[in-house]
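The values are calculated or read from the model by the stated rules, or taken from the named source; none is laboratory data. A quick note: this is a predicted structure, and the numbers were derived from the prediction, not measured. Reconstructed Cβ throughout: ideal geometry from the backbone, glycine too, with neighbour counts over all protein chains shown. Just so you know, the surface numbers come from the protein's heavy atoms only, side chains and all, with ligands and any DNA or RNA stripped out. Shrake-Rupley method; radii C 1.70, N 1.55, O 1.52, S 1.80 Å.
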Amino acid sequence: MAKQLNKLSAKEVKNFAYDVNGAKKQRLPDGGGLYLLTDESLTKFWRMDYRRPITQKPNTLAFGTYPTVSLDQARTKRDEAKKLLANGIDPAEERNNKKRQQIETLENTFSKFATEWLEIRKHEGKVDSETVRKLDRDILPFIGKLPVTLLTTEQLERDVTNALVERGALESARRVKSIINMVLKLPLKRRIITYNPAPDISLPQPIKGNHNAV
């Protein structure tokens, strides 16, 4: 016989309170491993017990606290975890992997790879003051703190090269485009990004002057 799901009502969840004469930890089950837990702190915690897919060892997921996380939201989290388990995926490991990916994304900024690129060029004897100046003045203040995975061609044009074009510094814009391109080759090579948006930056072609024959 299938176990009953969604046993609780919103009123029961709201009225659930710690019994000072009861156990140190008290729970209110909703079914499917989901329950509301409270203790001497009087906080209400959403928890879900399950067994890890491979080892079958018991484990517990934390879904936040009530009322920040409502009954419906907790049930949604339970159902998402159940879907992962049905596919042999441990929801706790999946959550940790996503957190790790988020941290890596935030840490992999353009500034980080620009610094590394400069170090490589320094060892190759290629670092020049003009390149550093363009990075510090025309590039890093605008995209330095952004994760490279979020950079797009449109954004690079809007935030970096368009300003140079508007003031007529076309040669600087071309140099800046080249610098961004070379920096982004590092995360591209390491497969942190799958596409380098820099080569697609559009810049006006220089106007060729008309010279009379002598």
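Residues whose amide H comes within less than 5 Å of that of GLY64, counting only those at least five positions distant or on another chain, are TRP46 (H built at 1.01 Å from N in the peptide plane).
Against the chain, whose longest principal axis comes from its Cα atoms, helix 170-189 is set at around 40 degrees. Computed from the C-beta positions of GLN73 and VAL20 and an R0 of 25 Å, the FRET efficiency is 0.30 to the nearest 0.05. With respect to the chain, whose longest principal axis is taken over its alpha-carbon atoms, helix 91-107 is tilted by about 30°.
VAL165 contributes about 40 Å² of solvent-accessible surface, heavy atoms of the protein only, 1.4 Å probe.
Secondary-structure-derived ellipticity at 222 nm for the chain, considering helices only, amounts to -12500 deg cm²/dmol, per-run term -39500 (n - 2.57) for DSSP H runs with n ≥ 4. Note on the chain: with a GNM built from Cα contacts shorter than 10 Å, the maximum mean-square fluctuation among ILE179, ILE89, ILE54 falls on ILE54. For THR194, the accessible surface of its heavy atoms amounts to roughly 140 Å² (probe 1.4 Å, protein chains only, rounded to the nearest 10).
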